[in-house]
Every structure is written in C-alpha cells, then in structure tokens.
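The values are calculated or read from the model by the stated rules, or taken from the named source; none is laboratory data. Here the structure is a predicted model, which is why all the values come from computation and not from measurement. Here the Cβ positions follow ideal geometry from the backbone for every residue, glycine too, while neighbour counts run over all protein chains shown.
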Amino acid sequence: MPIIPSVSQSKELYLQQAFISPQPIGSMTIADALLAAVGVGVAIFLAAEGLRAIVSEPRDTYRYIYVHKGRRQHGGITNDLDRREQEHRARWRGGTIHQVGRRVTRRSALAWERKHGF
C-alpha cells in the first residue's frame, strides 16, 4: 500500500522540486563578460550611451519607389523627395515617386536600400 505524504510533507517536496538552482553552463554571455570586465556602473553607462546614439540620430531620410506606366522603375533613398522626383522625370517622363513608410535614419535607409537591391 503506497504511503501518502502529509500536507506539510507534500509542500516541502514541491518546493524542493520547483526551486532547483540553475546549473552553470560553462560559457559566459557577452553581457556577463562585460559586467565582469568593467563592472555594473560602467556597463550601465555604455548601454545608456548606445541608446542615446540610437535615439538622437536624425530621421531625415526618405525611402521611395519611382513608378512609370504602372511599373516600378527605380527605388532608393533621398532627403528631398521633390528634387529626386524631378531627377527621375528627366529620364522617365510622367512617372511618380511614392514614399515607402516614414522618414528613417540614414543608416537604416541604407540597409533597406541594400536589402532590396536598388
């Protein structure tokens, strides 16, 4: 006949099984290595500087496609859509430029341009 544990014994067994401490895996993450090398204060400072650089970068670049006779003729990035449309109209008369999304940082616009092969 099986022995049924009391309520206090079952709570103790549950706690022992539920809260097993994590075992070391033998390799450090980049964050762990950074903390070990420079300390918490410096790691927080470096993270804040990285965030500030991302936030303070101006979002002044447009991504666009140029459509002529219902076909996409060209795509790219610019900081002046009107000027760029006039430049394209010199080559493909009657086309229109269409902004893709919102203005973005120059860095992300260049990444978008490389990804789409313009």
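A few points about this structure:
- Yes/no for Met28 being over 20 Å from Arg114 (Cα atoms), modelled with pLDDT under 70, exposed (fewer than 10 other Cβ atoms within 10 Å of the Cβ) and out of contact with any His (no Cβ under 7 Å at 6 or more places or on another chain): no
- Pairs linking a residue in the stretch 59-72 that is over 14 Å from Glu113 (Cα atoms) and exposed (fewer than 12 other Cβ atoms within 10 Å of the Cβ) to a residue that is modelled with pLDDT under 90 and hydrophobic (A, V, I, L, M, F, W, C), with Cβ atoms under 9 Å and 6 or more positions apart or on different chains, are Lys69/Trp92.
- Failed condition for Glu85, given (1) touching a Phe, Trp or Tyr at 6+ places or on another chain (Cβ under 8 Å); (2) surrounded by fewer than 16 Cβ atoms within 10 Å (Cβ to Cβ); (3) acidic (Asp, Glu): (2)
- One residue stands out in the stretch 104-118 among those that are assigned to a loop (DSSP other than H, G, I, E, B) and surrounded by 14 or more Cβ atoms within 10 Å (Cβ to Cβ): the one that is modelled with the highest pLDDT, namely Thr105.
- Residue match in the stretch 78-88 (condition: hydrophobic (A, V, I, L, M, F, W, C) and under 21 Å from the mean Cα position of the chain (by Cα)): no
- Qualifying positions in the stretch 63-77 - under 11 Å from Thr105 (Cα atoms) and in contact with a Lys or Arg (Cβ under 6 Å, 6 or more places away or on another chain): Ile77
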